[in-house]
Amino acid sequence: MTHLPVMLQLNERVCVVCGGGRIATKRVAKLLTAGACVTVISPEVSDKLYALADAGEVIWKRKKVEFEDLGRAFVVVIATNDEAENNKIHSWCGKNQLVNAVHNGGKSDLHFPSSIKRGDLTISVSTNGASPSLAARIKEELGEAYDERYQAYVQFLREFRAYIHELPISKHEQRYWLHEAAQAEYIDTNQQAYIWERVLELGGDRDDETTW
């Protein structure tokens, strides 16, 4: 089965996580990072989920999942430790709901690939379920190659791109400068300062504050 890699906007969308164990905890963490409104439904939950519920970051319904619990959900994560329960919950999900069925990837509309995040930079890896271990290894290698410096670097690129688009220069020149700034040498903040000096000569002083 072929999947389409996409970025999903979940800010303030209702997401229901059925289950309270290790995998459910991981899913909740990712959903919260995306700004989702998360409800966890399970008689028992992990210590981390308990702490999140206690802090008001998730809603915890301490019971088994019922059909009515899924009505407002945009995303449903099915991650209980009972396969029969998982299948029943899946049968309740609507056609317009995105489902992540942990017990059966073939029943899932939505998958959570291994990923690293450096500010606005997100890199995801998937083997379509063939080898989660390989995906984890590749994620680790990418994490080392694209280290924490990339968070500030991508922010620099965002500011640089916005400024370039304001300059009275041709599209060809814009593409040149944007391609230049994306070269690996500009991870270095001294090099960022240098390229800023060069483009400032094209359009005068910047009105906003720089980060270099």
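The values are calculated or read from the model by the stated rules, or taken from the named source; none is laboratory data. Just so you know, these numbers come straight off a predicted model, no measurement behind them. Don't worry about glycine lacking a Cβ; one is built from the backbone with ideal geometry, like all the others, and counts go over all protein chains shown.
Okay, here's what the table says:
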read-out: Flag for residue 102 being in contact with a strand residue (DSSP E or B) (Cβ under 7 Å, 6 or more places away or on another chain) and either at pLDDT 95 or above or of a type in the set (Asp, Glu) (or both); value: no
read-out: Restricting the stretch 64-111 to residues that are in contact with a Leu (Cβ under 8 Å, 6 or more places away or on another chain) and assigned to a loop (DSSP other than H, G, I, E, B), the residue that is surrounded by the most Cβ atoms within 10 Å (Cβ to Cβ); value: 93
read-out: Positions within the stretch 3-44 being assigned to a helix (DSSP H, G or I), among the small types (Gly, Ala, Ser) and in contact with a strand residue (DSSP E or B) (Cβ under 8 Å, 6 or more places away or on another chain), in sequence order; value: 24
